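Let me begin by presenting the structure, written as structure tokens, before commenting on it.
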């Protein structure tokens, strides 16, 4: 079963596609461009449709989702953590 999707191995986040992800869950992700599966342990609860960090990111880093720059990290994000508006902001303003 696929729990999250990633566009490319250069992405820093995947998108959770199942309900009820809880901290400690073992998750399987599908990297679409390479057609491979990857696994991560969720470090926090993550709602469906939200992002899972698949790489550790430091404040100021660029977040890549589906091969696109979606913003900058404003608080460090560990592997497996929920990546959302509390730790990522747009670069537009």
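Structure values in brief
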{"item": "Index of the failed condition, residue 1 passing every other in (1) at pLDDT below 95; (2) surrounded by 12 or more Cβ atoms within 10 Å (Cβ to Cβ)", "result": "(2)"}
{"item": "Selection within segment 44-70 - farther than 16 Å from residue 18 by Cα and over 11 Å from the mean Cα position of the chain (by Cα)", "result": "58, 59, 60, 61, 62, 67, 68, 69, 70"}
{"item": "Residue within segment 11-26 that is in a strand (DSSP E or B), on the phi > 0 side of the Ramachandran plot, in contact with a strand residue (DSSP E or B) (Cβ under 9 Å, 6 or more places away or on another chain) and surrounded by 16 or more Cβ atoms within 10 Å (Cβ to Cβ) present", "result": "no"}
{"item": "Test: residue in segment 56-77 that is on the phi > 0 side of the Ramachandran plot and in a strand (DSSP E or B)", "result": "yes"}
{"item": "Positions within segment 41-54 being surrounded by fewer than 19 Cβ atoms within 10 Å (Cβ to Cβ) and either touching a strand residue (DSSP E or B) at 6+ places or on another chain (Cβ under 6 Å) or assigned to a strand (DSSP E or B) (or both), in sequence order", "result": "41, 44, 48, 50"}
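The values are calculated or read from the model by the stated rules, or taken from the named source; none is laboratory data. These figures come from a predicted structure and were not determined experimentally. Glycine also receives a Cβ, built like all others from the backbone with ideal geometry; neighbour counts cover every protein chain displayed.
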